[in-house]
Every structure is written in structure tokens, then in C-alpha cells.
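Take a look at the structure below.
All of the numbers you see were taken from the coordinates with simple rules; none came from a lab. Just so we're clear, the structure is a prediction, and the values are computed from it rather than from any experiment. Glycine also receives a Cβ, built like all others from the backbone with ideal geometry; neighbour counts cover every protein chain displayed.
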């Protein structure tokens, strides 16, 4: 794993500040801008699906999205930023799609177990895209710190929301906070080849079991 931003590839970072954040959607003022931004994210995922993180180049994303490099860099300072925002969008879609399927599960820890199973299964089904998005998330801790924190918060909020099924309690937030940190660690291990999807699934379920037992005992 490279230890400095330059190690992520020649076009990993545009000639800007490493920690300059991307332009978020809520700052866009026209439908055309929002559509262009979405097209760039779609293009990044399409390119990633071909060969994972190493196959993603900023010029290829721009060509596929039918925008200039200057336009792409206006929205996203680097390919890491593009892929991390694509990951954020996938997490929000996952949150929206899964919530309706958990209404019959009353136990919050059983709900969380189901969330983890579905999440890791979805990641495994899109292996090359997952590899690219996970690699970008790990790289973001070096070159896109605002986006890295955004993903951690998004993951925590997703776990808390799907665990609660409604009003989020202190227990839901505390559990989600711990699980988000474990999930981040597992993503790193996955990128480094130290973890399989099956192992990731088992370790996340073990953490949820332990937290559930501690809460029941307390």
C-alpha cells in the first residue's frame, strides 16, 4: 500500500491541494450541473467495472461522461474524489432500498445482522467496482480527508437508521459508531488482500453479536 499521495498513480490527484474537497451536489445551482455531475459518477463506476481501481483514469472517465478534463476537475479534484463520491451515492441507495425490507424484524441487532449480510453480498456481487470504490476510500484518508470522513459518517448514519427503523436511540448511534470503525478497518483489509468477503461478513457479524450480548447483559 503506498504511503504518500503520489503513490496512487500519475492521475490520482489533479494539480491542486491534496485535501481540496470535491464540489458537493447541494452547491450546484442548475439541473444541468447536477446531471453532468451524475454522469461523471456513472462513468467512473462503468470504467471501474472493467478492471477495478487500476483501470480507472481521469481521462477515461471524462471521455465516457462526454465532458472535458477541465470540467471533470471542476467537480472532482482527482479520481479518488470521484470514486469516493460514487461510493457515497451507492451507500445512500443501499440505505433507501433496504429500509423497506426490514420492517418485520423487531430486534435491532437482528436488523443490523441483515444489513451487514446484504451489504457484503452486494459488494461481492460487484467485485471490481467494490475493489475500486474500497481502494479509493482507503486512498481518501491520504488525499481526500473530507471525503473519507464523509463516508465514515454516511456509513454510521446508515447503520443507525437501518438498525432503528424509525427513531434513532443512543444505543443505535453508539453501536453504529463502533461498527462504522470496524467496517472501515475491514475495507482496508479487503483492499490489502488480507480479508475475503466471507471473512469480512463473519467478523462484522461477530462484532454485532458481541455488542448485542453486552447490551443484553447490561
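A few points about this structure:
- For the stretch 121-218, the Kirkwood hydrodynamic radius comes to 14.3 Å, computed from all pairs of different C-alpha atoms.
- Debye intensity ratio in log₁₀ form over the Cα atoms of the stretch 53-119, taken at each q of 0.20, 0.21 Å⁻¹: -0.79, -0.83
- Label separation (residue 214 vs residue 198): 2.8 nm, computed from points 7 Å beyond Cα along the C-beta direction.
- When the P(r) of the chain is calculated, the portion above 27 Å amounts to 34% of the C-alpha pairs.
- Between residue 55 and residue 141, the simple label model (points 7 Å from Cα in the Cβ direction) yields a spacing of 2.7 nm.
- Fewest neighbouring Cβ atoms within 10 Å first, the residues 209, 31 line up as 31, 209.
- Reciprocal mean inverse distance between Cα atoms of the stretch 137-184 - Kirkwood radius, Å: 11.0 Å
- Neighbour counts of C-beta atoms inside 10 Å place 125, 95 in the sequence 125, 95, starting with the fewest.
- Burial ranking of peptide ranges 72-82, 185-195 (average Cβ count within 10 Å, highest at the top): 72-82, 185-195
- Estimated purely from DSSP H runs of n ≥ 4, each contributing -39500 (n - 2.57), the mean residue ellipticity at 222 nm for the chain is -24000 deg cm²/dmol once divided by its residues.
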